[in-house]
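The values are calculated or read from the model by the stated rules, or taken from the named source; none is laboratory data. Note that the coordinates shown come from a computational prediction; the quantities given were computed from them, not determined experimentally. As a convention, Cβ positions derive from the backbone with ideal geometry for all residues, glycine included, and neighbour counts pool all protein chains shown. Just so you know, the surface numbers come from the protein's heavy atoms only, side chains and all, with ligands and any DNA or RNA stripped out. Shrake-Rupley method; radii C 1.70, N 1.55, O 1.52, S 1.80 Å.
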Amino acid sequence: METKTLSATSSGWIFALSDQSNWGSPNELIEDLGLKNIRKSSIEVETKAWGKIPKDKVVLPGMGLAFYHTQRAFYGEGDPHKRKPRITMVGVLKDFEVLDETGDMEYRLVLSFEKDVVDHLIKNPIVRNEDTKQIFEKCGMVQGNVRTWYEANPAAWKEIIAKCTP
């Protein structure tokens, strides 16, 4: 299957993270996925993750995935966004496989990230504030839930990807 570009995705997911989950800080996510200093136009990453996906929903290759760090994530000293929740990275699911369905589901992800999106979001994450809160509300995001996947309908996903490049 050919990887879609982010702009070609019509829907996606938001994966909520905190200091008690995979990639408990934006820096940990970027470093662990090898997204710092990408030299090619895109990079493909395979990884494992744990979390809750609604049982009545289906995750498919070609959908987008946004990594959202909650207020409980670790941001370190001098955070320019004052610990506000934010989308720190967005990619496209190239493959998805459920490995274990008990408790917090374990799954294998293959993701594609575009260099221009990565570079932009490292410097300009999509911060949850008065201007953007409607995006998160459209996805049914509740403050405080972590290791949870929220479905982003086409309208919300369009707003997210519009903020992924300058």
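Counting pairs of alpha carbon atoms under 8 Å apart in space and at least six apart in sequence, what relative contact order in percent does region 7-63 give? Don't skip to the answer; put the middle values down first.
On the way: 21 pairs, mean separation 23.6, N = 57.
Computed over region 7-63, the figure is 41 percent.
Could you order peptides 106-119, 51-64 by the average number of other Cβ atoms within 10 Å of their residues, highest first? It would help to have the intermediate numbers written out before the result.
On the way: 106-119: 18.2, 51-64: 14.0.
Top of the packing list down: 106-119, 51-64.
As a calculated quantity, the FRET efficiency between GLU106 and LYS57 at R0 = 25 Å, using C-beta atoms, amounts to about 0.90. Taking a point 7 angstrom from the Cα of THR47 along the C-beta vector, which residues in region 80-97 have backbone N less than 12 Å away? Taking a point 7 Å out along Cα→Cβ of THR47, the residues of region 80-97 whose backbone N falls under 12 Å are 88-92.
Hey, got the dipole for region 21-166? About the Cα centre, +1 on K and R Cβ, -1 on D and E Cβ, debye to the nearest 20? Intermediate results must be reported in sequence, preceding the final value.
Details: 22 positive and 22 negative charges, 86 e Å.
In total the dipole reaches around 420 debye.
When peptides 14-21, 39-46 are sorted by average Cβ neighbour count within 10 Å, with the highest value leading, the order is 14-21, 39-46. Just check region 1-115 against the gyration tensor rule for me: Cα atoms, a ≥ b ≥ c as the square roots of the eigenvalues, rounded for a/c under 1.5, and otherwise prolate or oblate depending on whether a/b exceeds b/c. Taking the square roots of the gyration eigenvalues as a ≥ b ≥ c, region 1-115 is oblate. Each Cα pair under 8 Å and six or more residues apart adds its sequence gap; the mean of these over the residue count of the chain is a relative contact order of 33 percent. Backbone phi angles across region 47-59, fed through the Karplus curve with coefficients 6.51, -1.76 and 1.60 (θ = phi - 60°), yield HN-Hα couplings of 7, 10, 8, 10, x, 10, 10, x, 4, 8, 10, 10, 9 Hz in residue order; Gly and Pro are listed as x.
Can you give the FRET efficiency to the nearest 0.05 for LYS158 and ASP95, using r as the Cβ-Cβ distance and R₀ = 35 Å?
Values: r = 24 Å, r/R0 = 0.68.
Efficiency for this residue pair is about 0.90.
Near SER41, within a Cβ-to-Cβ distance under 12 Å, what is the net charge of the other residues, with Lys and Arg +1 and Asp and Glu -1? It would help to have the intermediate numbers written out before the result.
Working: positive: ARG39, LYS40, LYS115; negative: GLU44, GLU114, ASP116, ASP119.
My count for the surroundings of SER41 gives -1.
With all protein chains in place and a 1.4 Å probe, the accessible surface of the chain carries 48 percent carbon and sulfur. Distant-in-sequence amide contacts of TRP13, defined by a placed amide H-H separation under 5 Å and a gap of 5 or more residues or a different chain, comprise GLY64, LEU65, ALA66, ALA152. When ASP100, ASP131 are compared by accessible area at a 1.4 angstrom probe, the order from most to least is ASP131, ASP100.
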